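Here's the structure we're looking at; comments come further down.
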Amino acid sequence: MRMSSDAQKRRKPQQLRGEQRMAAMLDAAAAVFAESGFDAATMTAIAERSGSSIGALYQYFPNKLTLARALREQYGEDMAQRWSGLTTDAAHLSVNALADRVFDLMIGFFDEHPAYFTLLNATLGYQRSADARQRLRAQFGAVLRQKNPEMEEADALRTANVALQIVKGLNPLYAQASAAERRELVAEFKLALQAYLKIRLHK
């Protein structure tokens, strides 16, 4: 498998200390991006936040763009792990509880990664791979077939795709809303997903 150009350019940590330093740099970048926005963030601010020299930061990440892309990859891996847990539990959940869990999963992700919306809206010259999108759709399709084993795989994948678009629709509204408005928005989107899944799963 060929590495991405970003991965080829970045220095790879060879020891635990190097891995810890790189993790601190990514954490610092996330904090600076969340506070300042992608365009206003600087490598100097990120280096200072991480407790590293600017030279050390450039050794691991040649520019701000590679930092942002590395964070996006990290976020994608985190999201995949969260969905894996949902797949394991889905058989024991009602449709309403399943819809609640989907959005609770997303809100937990947003809260733990405040830079997510900043990077989502930034022009990074990088898009999530088709493989990653397909994997998420397949994961949710598997969840739906657990709820309705008689559902054809093609129907499950199509339903998963629509359901995920409903979930995705929350993102821009949530990013711009106040804390109180966010609670109301999540409740509305949960209702929409519950209603859709009940129809498609015949529950």
Seminar exercise, completed: S84 meets each of (1) loosely packed, with under 15 Cβ neighbours inside 10 Å; (2) over 30 Å from E19 (Cα atoms) with one exception, condition (2)
Exercise. Restricted to the stretch 179-203, and to residues that are touching a helix residue (DSSP H, G or I) at 6+ places or on another chain (Cβ under 6 Å) and either open to solvent by 50 Å² or more (accessible area, probe 1.4 Å) or of a type in the set (S, T, N, Q) (or both), which residue is nearest to I166 (Cα to Cα)?
Worked result: Q194
For this session: Scan Y116, Y58 and give me the residue that is open to solvent by less than 70 Å² (accessible area, probe 1.4 Å) and either in contact with a strand residue (DSSP E or B) (Cβ under 8 Å, 6 or more places away or on another chain) or at pLDDT 90 or above (or both).
Result: Y116
For this session: Could you tell me which residue of the stretch 44-55 is nearest to A24 (Cα to Cα), considering only residues that are open to solvent by 20 Å² or more (accessible area, probe 1.4 Å) and part of a helix (DSSP H, G or I)?
Result: S50
Exercise. Exactly one of (1) surrounded by 18 or more Cβ atoms within 10 Å (Cβ to Cβ); (2) more than 13 Å from the chain's Cα centre (by Cα) is unmet by H92. Its number?
Worked result: (1)
Exercise. Under 7 Å by Cβ, and 6 or more places apart or on different chains, what pairs join a residue from the stretch 142-170 that is outside any helix (DSSP H, G or I) with one that is open to solvent by less than 30 Å² (accessible area, probe 1.4 Å)?
Worked result: N148/L201; M151/L144
Exercise. When you go through D104, D111, D131 one by one, which is the residue that is under 15 Å from the mean Cα position of the chain (by Cα), under 21 Å from G37 (Cα atoms) and charged (D, E, K, R)?
Worked result: D111
For this session: Could you list all residues from the stretch 155-178 that are open to solvent by 70 Å² or more (accessible area, probe 1.4 Å) and more than 18 Å from the chain's Cα centre (by Cα)?
Result: R158
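The values are calculated or read from the model by the stated rules, or taken from the named source; none is laboratory data. Since the model is a prediction, treat every value here as computed from it, not as a measurement. All Cβ positions, even for glycine, are placed from backbone atoms using ideal geometry, and neighbour counts span all protein chains on display. Only protein heavy atoms, including side chains, enter the accessible area calculation; ligands, DNA and RNA are left aside. Shrake-Rupley method; radii C 1.70, N 1.55, O 1.52, S 1.80 Å.
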